[in-house]
Amino acid sequence: MELDELLKKFREYSTQDTTLLEYAWNYASESHHDQKRASGEKYFIHCAAVAEILVDYKMDLETVAAGLLHDVLEDTKIPHETFRKEFGEEIYALVSGVTKIETLKFSSRDEAQAENWRKMILATAKDIRVIVIKLADRLHNMRTLNYMPKEKQLEISHETISLYAPLAQRLGIFQLKSELEDLSFKYLFPDEYQSLLAKVQLRYAMREKLLEDFRTEMENHLAGSNVPHRVLSRAKNLYSIYRKMLRQEKPFEEIQDALGVRIITDSVINCYALLGTVHSVFKPVAGSFTDYIAVPKMNLYQSLHTSVMAGTGEIIEIQIRTEEMHRTSEYGIAAHWRYKLGEKGADRHLDEKLNWLRQWIEWLQDISSPREFIESFKTDLELDQIFIFTPKGEVKPLPVDATPIDYAYAIHSDIGDTCIGAKVNNRMVRLDQPLKSGDICEIITRKNSAPKKDWLGIVKTAGARSRIRKYLREHGLPEQ
Ligand code: MN
């Protein structure tokens, strides 16, 4: 990648003045001039590649500039003060944020990883863009991992698949998450990767005709209507197919939904109109419809999901969404880089949707041991979530197996603390009974009631666990 190309790509979506980019390009190039990568190439190639990924995600000028400069503080002798004066507070904060995540050194790998998770999330508290740069950095390192010694490849891939990919997923940056996963998969399980790749390519080749027929049929039915739409075929990423094979204990041949299409339109109304058309043309598979437009996922994802039977009896998985939802589903939080947590004048709608992130950050300040942190993080990252309704009809997303206590804390910490009972669908239940998606849950509280220490063995969410611990600690009560 040359500077001209980078500037050209950047100008396609931004009107910001690019002088800073040119300056950062030259500065980084000079700062790293005597360094080489494992591939033998100039080190600066990596910096330019990270900037290119950030431009692919249409990030703002400061983020792209920080991408070019992201290794300057760590890998050159330039003092922090000099750099800060040179580039100002904003760029300095971004680059030093990325550097902090990088330079943590710990004795055991587990502890190190846990601490890295924590730092990473705390960094988002200040600015989500730090994480986006870090993810772009990791993506380029994964793309060029073949130059590393075997042992390093495994270590880095393991960290990527267990830390960076779930984080990208949590932030809703699916495109990046999929690429990180598939690259890690390739190094961690090379044989399985190669064999699955061959099978998937063959299946797609065979099914191209089917998808073509589907598209034609849709076109015919929509010809007279005013519903704008485009149909994209969608390849599931290899690692998610592999995970599904393991989970269902089935060979690839029996995995159904590797065939999918997306239909993109202009408005929410037209999403439902298209759903109607699809269901009137093809037979829907019972129980396959999910409305993530009315009830979005925690990571902002929105779409209508359904599966239908094609004429040949094959099942096609369909996602219907607007252009904006499409962009959010590919880019996630990166699509909203303007947004900073708690910033005045930030998009209120988005602010609400990102509440989980803010709550999380609050809880994190509270957790003292890295191990506890990683345990909580893993639970909260569980991708399967359930939706619980308040008696007023509000929706609270929670992880699978969450209990009424988790739900009580999700509403408010005071409700959690003083909770003495729960009604689910109007019936009293035990506080340790796992909730099911769609349950209407009402919490019964009593003033001056307090959390019990055995709740720690019951709750599933980090938020609840950390609040209970905090309460016990503050009241001098034992946690064991
Ligand atoms: Mn780097």
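Side notes on the structure shown:
- Over 27 Å between alpha carbons, listed pairs Lys244/Lys392; Lys150/Lys460; Lys9/Lys177; Lys236/Lys460; Lys396/Lys452: Lys244/Lys392; Lys150/Lys460; Lys236/Lys460
- Using a simple spin-label model with pseudo-atoms 7 Å out from Cα toward Cβ, Gln35 and Asn448 lie 6.3 nm apart.
- Fewest neighbouring Cβ atoms within 10 Å first, the residues Tyr301, Tyr193, Tyr331 line up as Tyr301, Tyr193, Tyr331.
- In this structure, Ser437 and Glu314 have a Cβ-Cβ separation that, at R0 = 30 Å, corresponds to a calculated FRET efficiency of about 0.60.
- Of the peptides 198-206, 463-471, 265-273, the order by per-residue mean of other Cβ atoms within 10 Å, starting with the highest, comes out as 463-471, 265-273, 198-206.
- Calculated FRET value between Asp266 and Gln201, using beta carbons and R₀ = 25 Å, to 0.05: 0.15
- Considering only beta bridges that DSSP places wholly inside the stretch 190-333, some 75 percent are antiparallel.
- Full extension of the segment from Thr19 to Leu210, taken as 0.36 nm per residue of separation minus the current Cα-Cα distance, would add 63.8 nm.
- Cα-based shape type of the stretch 3-188, given that a ≥ b ≥ c are square roots of the gyration tensor eigenvalues and the cut on a/c is 1.5: rounded
Since every read-out is calculated from the coordinates, none of them should be taken as a lab result. All figures in this text were calculated on a predicted structure; none of them were measured in a lab. Glycine also receives a Cβ, built like all others from the backbone with ideal geometry; neighbour counts cover every protein chain displayed.
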